[in-house]
Structure formats: C-alpha cells, structure tokens
Amino acid sequence: MENPKIRFKGFTKDWEQRKLGDVAEFSKGNGYSKGDLIESGTPIILYGRLYTKYETIISEVDTYVEAKEGSVYSKGGEVIVPASGETAEDIARAATVDKSGILLGGDLNVVMPNKDINPAFLAISISNGNSQRELSKKAQGKSVVHIHNEEIRNLVIPFPNKVEQNKIVAYFANLDHLITLHQRKCEQTKKLKKYMLQKMFPQNGAKVPEIRFDGFTYDWEQRKLSEIAIEKLSNGIMNNQANDETGLRHINVINMYELDKIHPEKLTFSNYDEDAVKKCNVEWGDIFLTRSSLKPEGIAESNVLLDSGRFVYDDHLIRLKLDKEKYDPFFVKLNLSGSIFKRQFIARAKTTAFTTIGQEDIAECFGLFPEKEEQEKIGTYFSNLDHLITLHQRKCDELKKMKKYMLQNMFI
C-alpha cells in the first residue's frame with residue numbers, strides 16, 4: 001500500500017491496513033454534563049473539552065465532579081472519540097487518556113487498542129489523513145452530528161510496526177510540548193505586562209507610580225495632549241482605492257491593534273499622490289488614534305509609528321505629533337492606553353450608531369508625565385516585554401505550522 005511522504009530513517013517496510021474492529025475493543029463513557037462540574041473532586045473528561053482544551057495525549061485534567069455509582073473510569077491507554085459535535089469535520093478527532101482513575105463522561109466513544117497499536121498513534125491517525133476524512137463521512141445528523149462505536153469499528157487504519165509508531169508519537173509529543181511551552185511563556189509575559197502597566201503608571205489620583213526605576217523621585221506632572229503636541233491634532237485624508245502592489249503605505253484603523261507599534265511591512269498600499277504625502281506629513285514618532293468605534297470602550301485606540309518614509313493615514317484616524325524633545329513616543333502610546341486617558345476618551349465621545357470622538361476632545365484630555373529620561377526607561381522596559389511576547393507567539397505559530405505540515409506528510 002501507499003506509504004507516507006516523510007518517514008524516520010531506517011523504516012522502509014510498507015504500512016499495513018487493518019479494520020479497527022479487528023485490533024481494538026469498544027465501550028462508552030457514562031453520564032455527567034457541564035452542570036455536574038465542581039471546583040474539586042474526581043477528575044473527569046467531558047466530550048466538549050476535546051474541542052477546546054486537550055491535545056493528543058491527555059495527562060492532566062482540570063475539571064471535576066462528584067463521582068456517581070456506575071461511572072466509567074480510565075485504566076490508561078484508552079482512545080476517546082466524541083460522540084457528538086457541531087460538524088462532521090470537528091467530530092472526527094481523538095485523544096488518548098494517559099492515566100488511570102479519570103472519569104469518562106457521556107458522549108464519549110472509548111476505544112482500547114491491542115498491544116500492537118500505540119494508543120497515541122491511533123488517536124493521531126483518527127484525527128488526521130485518510131482516517132479522519134473517512135470517519136467524518138460516517139457522521140450522522142444536521143444541527144448536531146453523531147459518531148457511534150459502530151462507525152469507528154469499521155474504520156480502516158493504516159499503521160506501521162510498533163517501533164515506528166512510537167517514534168512518530170514521541171515526535172509529535174515533543175512538538176506539542178514546545179507549542180505549550182511557548183504559549184505559556186507568551187501568556188505569562190502578557191500577564192506581567194498588564195500588572196506592570198498598573199504599577200508603573202500612577203493610579204487613583206496618585207502623582208507617582210508604585211514601582212519606579214532607581215534614581216527617579218520627582219512627581220509626575222499633569223499635561224493636556226494639546227500641551228505635549230507641536231501642532232494641532234489632525235485627521236487624515238479620505239480613503240482611496242487600495243492597491244496590493246504599488247502606491248503609498250497607508251496607515252489605517254487595523255494597524256492600531258498591533259502589539260507594540262505600527263509595522264510598515266504590514267501596511268496596505270493605496271493610490272494616493274505626492275500631495276497626499278505632503279498633507280499627511282507623517283514622521284517618525286507620530287501617534288495615531290481611532291476616532292470612531294462600534295463600542296465606547298473601543299474609542300481612541302492608539303499606536304505609534306517608529307519608522308520613517310513616505311506614509312499616508314486615513315480620516316478614520318487622528319494624528320498626534322509630539323514634542324519629541326520632551327516626550328518619548330512609545331511611552332506616550334502606553335500612557336494613552338491606560339485607564340486615566342481611556343475614561344476621558346469615553347466620557348467625551350458621542351454615541352449614535354457609532355461612538356466617535358473629535359480632535360478637540362482628544363486634545364483636552366490630560367494625563368501624568370514624568371521627565372523624558374524616566375519616560376524612556378519605562379518605554380524601553382515595555383518594548384522589551386512586547387518583544388518577548390512577539391517572539392514566543394511567532395515561535396508558537398511556526399511550530400503549529402510545522403506540526404500541520406508533518407501531520408499531512410507523516411500519515412497516509
């Protein structure tokens with residue numbers, strides 16, 4: 001039979017095909033729903049968590065119930081397949097339970113393969129390649145689809161010898177570990193950033209933050225945005241036709257939601273002329289704020305351009321051109337995102353079908369600012385945190401792409 005495109009060195013024998021009913025035993029989970037969950041008790045796996053939480057190998061469970069008589073417990077090595085789902089593609093997935101003593105809830109098909117099949121290999125096989133496509137065809141129902149043990153029993157699974165199965169399982173387990181590691185580090189850094197934004201900017205009427213760098217003792221001073229600008233806040237120009245290949249780099253609302261700054265390589269191109277460049281007069285360190293939003297809390301989202309070149313920005317944005325002798329652009333961008341400014345933006349905005357805010361209203365909003373040297377220290381600190389977040393997120397995305405590619409090429 002056909003073999004996968006990518007194999008580990010030293011494995012050349014053809015994969016076999018066996019009906020799953022010939023190499024496994026089948027049973028069902030029993031009882032329990034989300035309404036039975038409690039904070040602590042006996043660990044349980046509910047079928048819905050296969051869609052939202054667990055990877056191929058389930059070794060830790062974070063949902064609990066009070067055990068009932070007649071419950072089904074794992075022995076370790078079971079492969080579980082959801083019996084209900086929203087789509088045929090979603091329901092054709094599986095995971096293996098690594099530990100004994102875990103309750104297996106209702107709407108779980110339970111497959112116990114024989115000693116020739118690595119349970120994790122079987123779980124990956126059911127979730128990918130031809131096996132996944134064949135199982136999804138067997139799903140029944142419309143608004144809710146169902147898979148029964150009988151359909152799984154008749155599924156034909158291609159598999160190599162046990163040694164090659166084990167190598168494949170170890171490879172994907174390592175990939176999953178690395179993905180989880182970078183996801184965890186990314187989330188931890190985001191939490192640290194959120195905490196430090198609260199501690200390194202004054203709160204609740206204070207003139208200084210709770211946490212400061214050594215050597216800084218002066219009170220922060222109140223300034224209106226009109227005072228820290230070197231010219232009046234201004235709108236951009238009317239939207240023009242987008243062009244994917246040529247034209248001028250165009251800053252728009254979408255770019256306000258990038259993590260650390262406006263990235264020129266992510267900008268679209270638009271068919272503006274040189275007069276538009278002169279009118280916009282975009283420079284390094286300019287800050288842009290959204291002037292409309294569907295919801296009040298989304299008003300005046302901001303970002304900073306830390307690049308130079310030929311740019312334009314559209315009239316959905318308001319541009320703040322700083323006095324850069326006294327104010328650090330990245331620090332000001334962080335400050336604008338804080339609760340002091342956000343409350344003022346929302347209070348001054350006007351809401352009809354959309355929430356909008358004008359240049360004059362933004363110019364009158366005020367916040368607290370330290371000397372520029374302290375601004376730069378704070379800006380550098382958070383820039384480094386953003387770099388770490390981006391690094392871990394990028395690595396996580398790369399690993400997920402690699403996993404997807406290898407799943408497509410290491411299975412039939």
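The values are calculated or read from the model by the stated rules, or taken from the named source; none is laboratory data. Here the structure is a predicted model, which is why all the values come from computation and not from measurement. Here the Cβ is made from the backbone with ideal geometry for all residues, glycine too, and neighbour counts use every protein chain on show.
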Please find, among Gly48, Gly31, the residue that is under 34 Å from the mean Cα position of the chain (by Cα), at pLDDT below 90 and under 27 Å from Phe411 (Cα atoms). Gly48
Filtering region 152-208 down to residues that are touching a residue at least 24 places away in the same chain (Cβ under 8 Å), outside any helix (DSSP H, G or I) and either closer than 29 Å to Lys5 by Cβ or touching an Asp or Glu at 6+ places or on another chain (Cβ under 7 Å) (or both) yields Asn154, Leu155, Val156, Ile157, Pro158, Phe159, Pro160, Asn161, Lys207
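Of all the residues that make up region 295-310, how many are buried (at least 23 other Cβ atoms within 10 Å of the Cβ) and either assigned to a strand (DSSP E or B) or out of contact with any Pro (no Cβ under 9 Å at 6 or more places or on another chain) (or both)?
Here the count works out to 4.
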All conditions in (1) within 29 Å of Leu399 (Cα to Cα); (2) in contact (Cβ under 8 Å) with a residue 40 or more places away in the chain; (3) not in a strand (DSSP E or B) are true of Ile80 except (3)
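Tell me, which helices (runs of 4 or more DSSP H) lie completely within region 312-377 with 1 or more residues that are free of Cβ contacts under 8 Å to residues at least 24 places away in the same chain and charged (D, E, K, R)?
Result: 339-348, 359-364.
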Residue in region 1-32 that is farthest from Gly129 (Cα to Cα), counting only those that are touching a residue at least 60 places away in the same chain (Cβ under 8 Å) and polar (S, T, N, Q): Asn30
Here the residues within region 254-272 that are surrounded by 17 or more Cβ atoms within 10 Å (Cβ to Cβ) and hydrophobic (A, V, I, L, M, F, W, C) are Met256, Ile262, Leu267
Residue count, region 133-148 (criterion: among the hydrophobic types (A, V, I, L, M, F, W, C) and either at pLDDT 85 or above or in contact with a Lys or Arg (Cβ under 7 Å, 6 or more places away or on another chain) (or both)): 3
Of (1) closer than 21 Å to Lys403 by Cα; (2) in contact (Cβ under 8 Å) with a residue 12 or more places away in the chain; (3) not in a helix (DSSP H, G or I), Asp90 satisfies every one except (3)
Would you confirm, using the coordinates I've provided, whether Ile126 is touching a helix residue (DSSP H, G or I) at 6+ places or on another chain (Cβ under 7 Å), in the same structural domain as Ile80 (by TED's automatic domain parsing), crowded, with 22+ Cβ neighbours inside 10 Å and over 15 Å from Arg18 (Cα atoms)? no
Taking the criterion of being in contact (Cβ under 8 Å) with a residue 40 or more places away in the chain and under 28 Å from Glu39 (Cα atoms), would at least one residue in region 111-127 satisfy it? no
Does Leu103 qualify as being more than 24 Å from Pro43 (Cβ to Cβ) and crowded, with 24+ Cβ neighbours inside 10 Å? no
Note: among Phe26, Phe8, just one is out of contact with any Leu (no Cβ under 6 Å at 6 or more places or on another chain) and assigned to a strand (DSSP E or B), namely Phe26
Scanning region 369-412 residue by residue, those in contact with an Asp or Glu (Cβ under 7 Å, 6 or more places away or on another chain) and not hydroxyl-bearing (Ser, Thr, Tyr) turn out to be Phe369, Lys372, Gln375, Glu376, Gly379, Asp386, Ile412
Test Asn118 against the criterion of being more than 30 Å from the chain's Cα centre (by Cα) and surrounded by 23 or more Cβ atoms within 10 Å (Cβ to Cβ), and give yes or no. yes
By residue number, the members of region 145-175 that are of a type in the set (S, T, N, Q), closer than 19 Å to Met406 by Cβ and surrounded by fewer than 17 Cβ atoms within 10 Å (Cβ to Cβ) are Asn166, Asn174
Please pick out the residue among Glu25, Glu60, Glu89 that is over 29 Å from the mean Cα position of the chain (by Cα) and either assigned by TED's automatic domain parsing to the domain that holds Ser127 or closer than 18 Å to Arg153 by Cβ (or both). Glu25
Taking region 123-132 on its own, how many of its residues are over 12 Å from Arg93 (Cβ atoms) and either modelled with pLDDT of 85 or more or more than 27 Å from the chain's Cα centre (by Cα) (or both)? 1
